[in-house]
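Remarks on the structure that follows.
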Amino acid sequence: MKSSYREALRAGIRDAMIRDERVFLMGEDVGAYGGSFAVSLGLLEEFGPDRIRDTPLSESGFVGAGIGAALGGMRPIVEIMTVNFSLLALDQIVNNAATLLHMSGGQFHVPLVIRMTTGAGRQLGAQHSHSLEGWYAHIPGLRILAPATLEDARGMLWTALQDPDPVLIFEHGSLYNVPGELADDAGPVDIDTAAIRRPGNDISLITYGGTLPAVLDAAEQLAADGIDAEVLDLRTLRPLDDAAIMASVTRTHRAVVVDEGWRSGSLSAEVSARITEQVFFDLDAPVGRVCSAEVPIPYAKHLELAALPSAARVVAAAKETVDAGG
Amino acid sequence: MTGTPGPGGGAVDAAQGRHLLLQMLRVRQLEEKCVELYSAAKIRGFLHVYIGEEAVAAGVLASLGPEDAVVATYREHGHALLRGVSAGAILAEMYGYVEGCCRGRGGSMHLFDAATRFFGGNAIVAGGLPLAVGLALADKMAGRSNVTACFFGEGAVAEGEFHESLNLAALWQLPVLFCCENNLYAMGTALARSESQTDIALKAAAYEIPAWAVDGMDVLAVQEGARRAVDAVRSGGGPHFLELRTYRFRAHSMFDPERYRAKDEVARWMERDPITLLRTALESAGQLSAAEWEQLQADAQAEIAAAVDFAEAGTPEPVEELTRFVYSERDTGDGAGPGTGTQPAGKETGAP
Ligand SMILES: Cc1ncc(C[n+]2csc(CCOP(=O)(O)OP(=O)(O)O)c2C)c(N)n1
Ligand SMILES: [Mg+2]
């Protein structure tokens, strides 16, 4: 079946709404407007305004209400337009959603799913372009997902809704229009493991979300130069699938981590640290990293492109890592 | 005061009326051009035009002085222009060129200009309100009699920052003029679908802030209301709040298919186009001849055409400078002073 990342997400939401009456979608402009990125287009007509619930501009309020509704037995899907605006709800996410189970000594679960757009690449300027999923991956109590494929866009939501704890799903803005085939019977997928998107023997390129297409592209370019790269899609940023990361690196002996977040204090730093902690003696070269330049993402196209990871930068970093290994 | 009835029945001073008409025309033509340039892919990112709402910025900004401060939203091209940022520097910014008012780093939603005390250009809804409170706090603490005008949409009223800011400003009696641009929609969400109390001035009143609603399509009414409020704020009367009732004629942004409102609703509001209202009032008072109207349009057109030429001739900032302005550039001891980050690029280059 011909589909797109956006349609796959929509199919996942529809599926959840049909399967479980406790599920509802709430957020800014999810209904009458048709979804700020058109993910929920048509769902208002199908499910009505109670379950496709438009909210005022009140991120802290409606995320907190989502937490409360989850405590009250519902299975809310809260949509925040972009990760940038999720900062207005940071208190509710970090101080309530992530902590209630622990603070209550295991009594109160928060089965809440929060979806949001992340990432740059569309010349939207600093306040609309940041990749902050790595921050959220810092927080115990949250599970962080980053679907990069149509299957994951379609299938992660249902599994996330089965999780008794809060799950955040990050959808990279550059992926919505990605076309592709989706099996008619595509359904839930696991949200525990990383996935090898391209097997290879010479180097592990470890990435997730919006940079997966560029990394796959880089792997093809490297193949033309005789370097057989493996591409590992993390899929779940917290908890990280250490076993899959280490299995890949012990096979290839080299790794480059590609992350659209900034380098300092980042998810890429965490992955790199775990590799050196766990399989240091299997490495033939230091772990490389390709991240965004340490600058608020600029508007001008050439500056924005220069700030972001690209296939060319991944190729260069991979070659450097291979050469360093001798 | 002598004069003839304005659109809302107020008196029009001929010169002042023609001045306001020109201001609104300049904004309208700048933005018609922006839309055209967006379609031609010269401008990218998000573009939110103010077409239909020009009377609000024109009326309020005409009531401010050069030492006052302005804080606006992502729908701020008009505010920037009327505050004195050149059309060339604004367009060059949208082209992403170094000649832009923010060197191409901000784009349409992030116009800033230190020289005119224009503090953005904020793309986080309600993000500018606390900033305005702080600017006013600084003025008050330093004993300056400046006013900070803060523009925001009615959508911002639902955010916590709106309420926190109003309370702080009232509690500390700060010189802020809150200007709520009530165009009835926040993207696709109508006011009545987002607020239990749709009378916005009442919300401000609950914080003990003098607040009233103004016909935001009548530039003379806006100017009159703003002048009254600014005078009160400046003379130590604490924060004031204007709810400016207006309407956006165009989509929220260039990506909005406008599924949420009826075409005839838009058409009805367009009958109250603020430019047409003032023009008609001036004409029927015999204060605007056909030739004068032609001239005003020609003046605005010439300005915008020169601005497009300026932007077209712009240059991209060298990529090597990508990581500049993340931190302040320190004085290197050569007497050069602080980094160029605080200097308005557009001014220096003589943008039209
Ligand atoms: C905190 C935050 N949430 C959501 C958005 C997305 N957004 C941008 S503009 C807008 C509507 C704002 O409406 P309003 O305040 O009435 O201003 P208008 O666009 O009508 O001028 C929304 C929801 C945002 N920029 N910031
Ligand atoms: Mg509005």
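Values as computed for the structure displayed
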item	result
Calculated P(r) of chain B - Cα pairs past 28 Å, %	43 percent
Karplus (6.51, -1.76, 1.60) ³J(HN,Hα), θ = phi - 60°, over region B:180-192, in Hz, Gly and Pro reported as x	8, 8, 8, 9, 6, 9, 10, 6, x, 9, 5, 3, 5
Whether region A:40-136 is rounded, prolate or oblate, judged on the alpha carbon gyration tensor where a/c under 1.5 counts as rounded	oblate
Theoretical FRET efficiency, 1/(1+(r/R0)^6), r = Cβ-Cβ of A:ASP217 and B:ASP199, R0 45 Å, to 0.05	0.25
DSSP bridge pairs, chain A: antiparallel proportion in percent, nearest 5	20 percent
Peptide B:308-317, shielding by other chains (average Cβ, 10 Å cutoff)	1
The protein assembly as shown - percent of accessible surface contributed by carbon and sulfur, probe 1.4 Å	54 percent
Segment A:ASN177-A:ASP50, length gained on full extension (0.36 nm per residue, minus Cα span)	42.9 nm
Shielded residues, region A:126-168 - accessible-area loss of 50 Å² or more between chain alone and all protein chains, probe 1.4 Å	A:GLN127, A:HIS128
Partners for B:LYS203 among aspartates and glutamates (Cα-Cα distance below 13 Å; same-chain residues under 8 apart left out)	B:GLU154, B:GLU159, B:GLU164, B:GLU195, B:GLU243
Dipole magnitude (debye, nearest 20) for chain A, charges at Cβ of Lys, Arg, Asp, Glu	360 debye
FRET efficiency, 1/(1 + (r/R0)^6) with R0 35 Å, evaluated for A:ARG251 and B:ALA40 via beta carbons	0.10
A:ARG122-B:GLU164 pseudo-label distance in nm [points 7 Å out on the Cα-to-Cβ vector]	2.7 nm
Cα centre as origin, Lys/Arg/Asp/Glu Cβ charges: the protein assembly as shown dipole, Debye	700 debye
Between A and B, accessible area buried - total, square angstrom, nearest 100, 1.4 angstrom probe	2900 Å²
Peptides ranked, highest mean first, by Cβ atoms within 10 Å: ranges A:85-94, A:235-244, A:128-137, B:146-155	B:146-155, A:128-137, A:85-94, A:235-244
Accessible area of chain B divided out per residue, in Å², using a probe of 1.4 angstrom	39 Å²
Distant-in-sequence amide H partners of B:ALA69 (H built 1.01 Å from N, under 5 Å)	B:VAL147, B:THR148, B:ALA149
3J(HN,Hα) from dihedral phi, region B:12-23, Karplus parametrisation 6.51/-1.76/1.60, rounded to Hz, x for glycine, proline	10, 8, 4, 5, 5, x, 5, 4, 5, 4, 4, 4
All lysines inside 26 Å of B:LYS33 as judged from Cα atoms, apart from same-chain residues fewer than 8 positions distant	A:LYS301, B:LYS42, B:LYS263, B:LYS347
Shape of region A:164-251, Cα gyration tensor, a/c cut at 1.5	oblate
Under 5 Å, built H, 5+ apart or other chain: amide partners of A:ILE206	A:LEU232, A:VAL256, A:VAL257, A:VAL258
Between 0 and 90°, nearest 10: helix A:212-224 axis offset from chain A longest Cα axis	20 degrees
Distance between modelled label sites at A:ILE18 and A:MET103, nm, 7 Å Cα→Cβ extension	3.9 nm
Using θ = phi - 60° and Karplus 6.51 cos²θ - 1.76 cosθ + 1.60, couplings along region A:48-59 (whole Hz; Gly, Pro as x)	x, x, 6, 9, 10, 9, 6, 10, x, 6, 8, 4
Spatial separation of Cα centroids for region B:95-115 and region B:21-66, in angstrom	15 Å
Residues whose placed amide H lies under 5 Å from that of A:THR82, excluding near-sequence neighbours	A:THR117
Residues of region B:160-208 buried by at least 40 Å² on assembly (accessible area, 1.4 Å probe, chain alone as reference)	B:MET187, B:THR189, B:ARG193
Label zone at A:SER264 (point 7 Å along Cα-to-Cβ), backbone N below 15 Å, region B:304-325	B:323-325
Per-residue [θ]222 nm for chain B (sum of -39500 (n - 2.57) over DSSP H runs n ≥ 4, rounded to 500)	-12500 deg cm²/dmol
Interface residues, region B:111-131 - accessible area loss of 20 Å² or more versus chain alone, probe 1.4 Å	B:ALA123, B:ILE124, B:VAL125
Calculated FRET efficiency for the pair B:ASP309/B:ASP13, C-beta based, R₀ 30 Å, to 0.05	0.30
Total formal charge among the other residues, if their Cβ is under 9 angstrom from that of A:LEU57, Lys/Arg +1 and Asp/Glu -1	-3
P(r) histogram, all alpha-carbon pairs of the protein assembly as shown included - 20 Å bins from 0, percent	17, 47, 30, 6, 0
Accessible surface, per residue, of chain A when the full set of protein chains is kept, probe 1.4 Å, Å²	36 Å²
Cα-based Rg of chain A normalised by 2.2 N^0.38 Å, two decimals	0.99
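The values are calculated or read from the model by the stated rules, or taken from the named source; none is laboratory data. Predicted, not measured: the structure shown is a model, and the values here were computed from it. For neighbour counting, all protein chains shown are included, and Cβ atoms are generated from backbone atoms with ideal geometry for every residue, glycine included. Keep in mind that these areas ignore ligands, DNA and RNA; they rest on the heavy atoms of the full protein, side chains included. Shrake-Rupley method; radii C 1.70, N 1.55, O 1.52, S 1.80 Å.
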